[in-house]
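*Asks:* Below you will find the structure I want to go over with you.
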Amino acid sequence: MNPSNYLKIKNHIPSNVNILAVSKGFKSQEIKTIQKIGQNDFGESKFQEAFEKQLILKDLKQIKWHFIGRIQSNKIRKIVQNFKYIHSVDSFEKLQKISSISYEDKKNPFIMLQVKLRDDPSKGGFKPELLISKWREIQELKNITLKGLMTINPRGLSSKENSELFKKCRCLADSLQLPDCSMGMSGDWEEAIDAGSTWLRLGSLIFGDRS
Ligand SMILES: *Cc1c(COP(=O)(O)O)cnc(C)c1O
C-alpha cells in the first residue's frame, strides 16, 4: 500500500479525470487509509468480498461503491442494492434485468456499458455494432442512468495499440453522447488519459501487488 503513489497520480492527472481505487483483494483497513486522504470511489469485482467490506465500512458514508466484475445474473439484485455505479454491464439481457430490478427496488444506478473492441475470448462486452443497433431500446430502459462505456484492453498490447483501442472507445462514447469512458488500469492509464478517459480503474498502482 502506498499513499504517496496515490497522491502523485492524483496531482498529476487532469481535473476531469476520476480515479476509481480498485480495492479487490485488499482489506477494509487499506480502503480506510486511502479514504482518509481524499479518495471516495472504490471498485470491487466480486459481490461477496465487496459486501463484507461494505458492512465493515458502513459508517463512511462518503464512499461510493462501483461494481467492476463479471455480473452473474443471480447477483443482480444484490449488486443494484449495494453499488451506485456498475461498470461491467456486458450484455443487453443483463442491462434489461438491471433495469427491471432497479425499477422494483426504486434504485437508479449509474451504468457503464462494457465494450469489446477487439476479440478476446477471456472478456465479455458489447460489440460496437450491436450496441449501436440496440441503442434506441437501451435508451428506453427505466431506472438506469447511462453514463458511459467501459473497456478492458487485452493483455500484452503495445502502448500504441492500447492508445488506438482507447480512442475507439472514446469515439464510440462521443457518438452516443455518453460523457464517461471507464478505461485505463495500472499498466496503461497514461494512454487512457490521452485518449479521453474519465475514470481510471487503478488497483496495484495504489494498493501494491495483490497477494
Ligand atoms: C483488477 C481490475 C482493475 C485494476 O487492475 P490493476 O492492474 O491492479 O490496476 C481494473 N479494472 C478491472 C475490471 C479489474 O478487474
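The values are calculated or read from the model by the stated rules, or taken from the named source; none is laboratory data. Since the model is a prediction, treat every value here as computed from it, not as a measurement. All Cβ positions, glycine included, derive from the backbone under ideal geometry; neighbour counts span all protein chains shown.
*Asks:* Could you tell me which numbered condition Asp194 fails, if it satisfies all but one of (1) more than 16 Å from the ligand (Cβ to nearest atom); (2) of a type in the set (Asp, Glu); (3) within 18 Å of Gly125 (Cβ to Cβ)?
*Replies:* If we test Asp194 against (1) more than 16 Å from the ligand (Cβ to nearest atom); (2) of a type in the set (Asp, Glu); (3) within 18 Å of Gly125 (Cβ to Cβ), just (3) comes out false.
*Asks:* So which residues in region 175-198 are over 19 Å from Gly156 (Cβ atoms) and touching a Cys at 6+ places or on another chain (Cβ under 7 Å)?
*Replies:* Here is the first cut: in region 175-198, the residues over 19 Å from Gly156 (Cβ atoms) are 175-182, 193-194, 196-198.
Of everything in region 175-198, those that are over 19 Å from Gly156 (Cβ atoms) and touching a Cys at 6+ places or on another chain (Cβ under 7 Å) turn out to be Cys181, Gly196, Ser197, Thr198.
*Asks:* What about Gly184, is it at pLDDT below 95 and part of a loop (DSSP other than H, G, I, E, B)?
*Replies:* No, not satisfied.
*Asks:* In region 148-176, which residues are within 16 Å of the ligand (Cβ to nearest atom) and either of a type in the set (Ser, Thr, Tyr) or within 15 Å of the chain's Cα centre (by Cα) (or both)?
*Replies:* So the first thing to find is which residues in region 148-176 are within 16 Å of the ligand (Cβ to nearest atom), and the list is 148-157, 159, 162, 165-166, 169.
Result: Gly148, Leu149, Met150, Thr151, Ile152, Asn153, Ser159, Phe166, Cys169.
*Asks:* Still on this structure: Just the residues that are within 15 Å of the ligand (Cβ to nearest atom) and either of a type in the set (Ser, Thr, Tyr) or crowded, with 18+ Cβ neighbours inside 10 Å (or both), please, taken from region 54-74.
*Replies:* Across region 54-74, the qualifying residues are Trp65, His66, Phe67, Ile68, Gly69, Ile71.
*Asks:* Of all residues in region 19-41 being part of a helix (DSSP H, G or I) and within 14 Å of the ligand (Cβ to nearest atom), which is surrounded by the most Cβ atoms within 10 Å (Cβ to Cβ)? Full working, then the answer.
*Replies:* Pass one, region 19-41, residues part of a helix (DSSP H, G or I): 28-36.
From what is left, the residues that are within 14 Å of the ligand (Cβ to nearest atom) are 30, 34.
Values: Glu30: 18, Ile34: 22.
For region 19-41, the residue satisfying everything is Ile34.
*Asks:* For Gly187, indicate whether it is within 16 Å of the ligand (Cβ to nearest atom), closer than 28 Å to Lys27 by Cα, surrounded by fewer than 23 Cβ atoms within 10 Å (Cβ to Cβ) and in contact (Cβ under 8 Å) with a residue 60 or more places away in the chain.
*Replies:* Numbers: within 16 Å of the ligand (Cβ to nearest atom): yes; closer than 28 Å to Lys27 by Cα: yes; surrounded by fewer than 23 Cβ atoms within 10 Å (Cβ to Cβ): yes; in contact (Cβ under 8 Å) with a residue 60 or more places away in the chain: no.
Spelling it out, it is not the case that Gly187 is within 16 Å of the ligand (Cβ to nearest atom), closer than 28 Å to Lys27 by Cα, surrounded by fewer than 23 Cβ atoms within 10 Å (Cβ to Cβ) and in contact (Cβ under 8 Å) with a residue 60 or more places away in the chain.
*Asks:* Moving on to the next point. So, Ser99, is that one under 24 Å from Ser197 (Cβ atoms), in contact (Cβ under 8 Å) with a residue 40 or more places away in the chain and of a type in the set (Ser, Thr, Tyr) or not?
*Replies:* Details: under 24 Å from Ser197 (Cβ atoms): no; in contact (Cβ under 8 Å) with a residue 40 or more places away in the chain: yes; of a type in the set (Ser, Thr, Tyr): yes.
So Ser99 does not fit the description; no.
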